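The values are calculated or read from the model by the stated rules, or taken from the named source; none is laboratory data. Computed from a predicted structure; not experimentally measured. Ideal geometry is used to build each Cβ from the backbone, glycine not excepted, and the neighbour counts take in all protein chains shown.
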Amino acid sequence: ALNAGAEGLALANGAGMPLRFVPQEALPEGRAYEEFIGATGCVPTRDNLHDFFNGLVWLTFPRIKRQLNALQAAQIALAGVGKSRGPARDAATIFDENAALLVVRDTLAAQALVDALRGHRWTEALFERRAQFGNDAQLWLFGHALMEKLAAPRKAITAHTRVVTADAAYFNLAPDQQRAWIDRKVAGELAAGSLTTASFTPLPVLGIPGWWDGQDQAFYADTAVFRPKRLAAQ
């Protein structure tokens, strides 16, 4: 089914090779997963939920996935696999595995919402400003490991969230058009070099208004989940 979807959408890797989902055993021993995809167009896939969600994200946000893979493969070519990924590849891996995309309207009110989230002012952002979600802000899941965790939801599940600013026209689009817009927009930002770990904002995703039951003020006062922002060391 994944291969039929990839073929129907004419998906390709960064080198223009047709994208195919292949058994994990097709990945040669000792060869990096990301480099293999970049060199062959083949995505090694196991029969589990993690890789199933990975395949779905390829079908949903193919431009972003292609750009992330190109970034990861380029870093491997530059520095090798190594014991640590390095900052650029680390950011790409975090994005790939655990990112959510927060699309916000280009207004002062939406920017105030973003500022509250970045400041870990959770009650303000997610309770007092809850009416802005759907109107001025939307959260789209991207990371396939994040999706896997949400298959058995827990309040503490936290996404690495990237903010994407959109004009008013975006919010008038149909959902599939919005998805395509996000795919083009974010892939373009990544191609321009806009990716560091500092660009992510932590967000307990079940705090998004309407995503969980019992979202009263006490829900957001749980500091084991909605943690205060740590002050920078002096």
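The numbered conditions (1) touching a residue at least 24 places away in the same chain (Cβ under 8 Å); (2) on the phi > 0 side of the Ramachandran plot are all true for ALA88 except (2).
Take GLY14 and tell me if it is surrounded by 15 or more Cβ atoms within 10 Å (Cβ to Cβ) and outside the structural domain of HIS144 (by TED's automatic domain parsing). So GLY14 passes the test. Counting residues in region 24-35 that are at pLDDT 95 or above and either crowded, with 18+ Cβ neighbours inside 10 Å or in the same structural domain as GLU148 (by TED's automatic domain parsing) (or both) gives one or more. Return yes when LEU195 is modelled with pLDDT under 95 and either buried (at least 17 other Cβ atoms within 10 Å of the Cβ) or charged (D, E, K, R) (or both) and no when it is not. It is true that LEU195 is modelled with pLDDT under 95 and either buried (at least 17 other Cβ atoms within 10 Å of the Cβ) or charged (D, E, K, R) (or both). A residue that is of a type in the set (Ser, Thr, Tyr) and not assigned by TED's automatic domain parsing to the domain that holds PHE36 can be found somewhere in region 107-115.
The rows are residues; the columns are (1) among the small types (Gly, Ala, Ser); (2) assigned to a helix (DSSP H, G or I); (3) in contact (Cβ under 8 Å) with a residue 40 or more places away in the chain.
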| site | (1), (2), (3) |
| --- | --- |
| VAL164 | no, no, yes |
| TYR170 | no, yes, yes |
| ASP183 | no, yes, yes |
| ALA187 | yes, yes, yes |
| GLY193 | yes, no, no |
| LEU203 | no, no, yes |
| LEU206 | no, yes, yes |
| GLN215 | no, no, yes |
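Regarding region 88-96, can at least one residue be identified that is at pLDDT 95 or above, surrounded by 17 or more Cβ atoms within 10 Å (Cβ to Cβ), closer than 30 Å to GLN177 by Cα and out of contact with any strand residue (DSSP E or B) (no Cβ under 8 Å at 6 or more places or on another chain)? Yes: region 88-96 contains one or more residues that are at pLDDT 95 or above, surrounded by 17 or more Cβ atoms within 10 Å (Cβ to Cβ), closer than 30 Å to GLN177 by Cα and out of contact with any strand residue (DSSP E or B) (no Cβ under 8 Å at 6 or more places or on another chain). When the residues of region 217-231 are narrowed to those that are touching a Ser or Thr at 6+ places or on another chain (Cβ under 9 Å) and outside any loop (DSSP other than H, G, I, E, B), which ends up surrounded by the most Cβ atoms within 10 Å (Cβ to Cβ)? Among those that are touching a Ser or Thr at 6+ places or on another chain (Cβ under 9 Å) and outside any loop (DSSP other than H, G, I, E, B), it is TYR220.
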